[in-house]
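J.: Okay, handing you the structure first.
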Amino acid sequence: KECATCDLVRYCSDACKQDHRSQHKEACKKRAAELHDALLFKQPESSNLGDCAICCLPMPLYSNIMLICCGKVICNGCNHAKKMSEEEASLDPSCPICQEPAPTTKDLEKFMMKRIKMNDPIAIRHEGIEQSRKGDYQSAFKNFTKAAELGNADAHYQLSLLYQNGHGVEKDKQQEVHHRELAAI
């Protein structure tokens, strides 16, 4: 049996593990901290957004756009190329993925609610940001929590901000750090 925390040593039995625990304890804590740091600070192969749905390149963190009609995220380069081709051909703007006409301001909220009902974590996080801007921190907390449960890293970061500032929840340094770590991983 090997130590589940550090993977440094192997034991022949539980009794052997208990006998040597005092000798191994310090090295185990050090190795566990090293493994935790390595997990926190490793560079991802791509962002948490995945790849662009059009060009298949890793999605840049801040140079992207969410297509509200279908919920896909594309890079600004592909969005710009689509707009240029539409202007060149004098076409009405449409979604490069689903080919739906570009939504009007009225349609945006309807599309967003549709994406939220479909449990789209990006749309849920976006709704949480909107609620937070309006000062409704309880609703924002619920939306961020749901988006985080669905795997959205930015929702974890938004939760950490709520815990840091005490908006909608009690200030909690431990929860703040926990959600920041989950956002970083």
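The values are calculated or read from the model by the stated rules, or taken from the named source; none is laboratory data. The structure presented is a predicted model; accordingly, all values stated were derived computationally and were not measured. Quick reminder, even Gly has a Cβ in these numbers, built from the backbone with ideal geometry, and neighbours come from all protein chains shown.
J.: Go over the candidates R115, R125, R180, R133 one by one and state the one that is outside the structural domain of P58 (by TED's automatic domain parsing) and closer than 18 Å to A53 by Cβ.
T.: Values: R125 fails: closer than 18 Å to A53 by Cβ; R180 fails: closer than 18 Å to A53 by Cβ; R133 fails: closer than 18 Å to A53 by Cβ.
Unique residue meeting the criteria: R115.
J.: Can you pull out the residues in region 127-151 that are surrounded by fewer than 20 Cβ atoms within 10 Å (Cβ to Cβ) and under 15 Å from the mean Cα position of the chain (by Cα)? It would help to see each step written out before you state the result.
T.: If we filter region 127-151 for residues that are surrounded by fewer than 20 Cβ atoms within 10 Å (Cβ to Cβ), which is where we start, we get 129-131, 133-139, 142, 145-146, 149-151.
Of everything in region 127-151, those that are surrounded by fewer than 20 Cβ atoms within 10 Å (Cβ to Cβ) and under 15 Å from the mean Cα position of the chain (by Cα) turn out to be I129, T145, K146, E149, L150, G151.
This table checks each residue for (1) at pLDDT below 90; (2) farther than 27 Å from K117 by Cα.
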site	(1), (2)
S132	no, no
Q158	no, no
Q164	no, yes
K171	no, yes
A183	yes, no
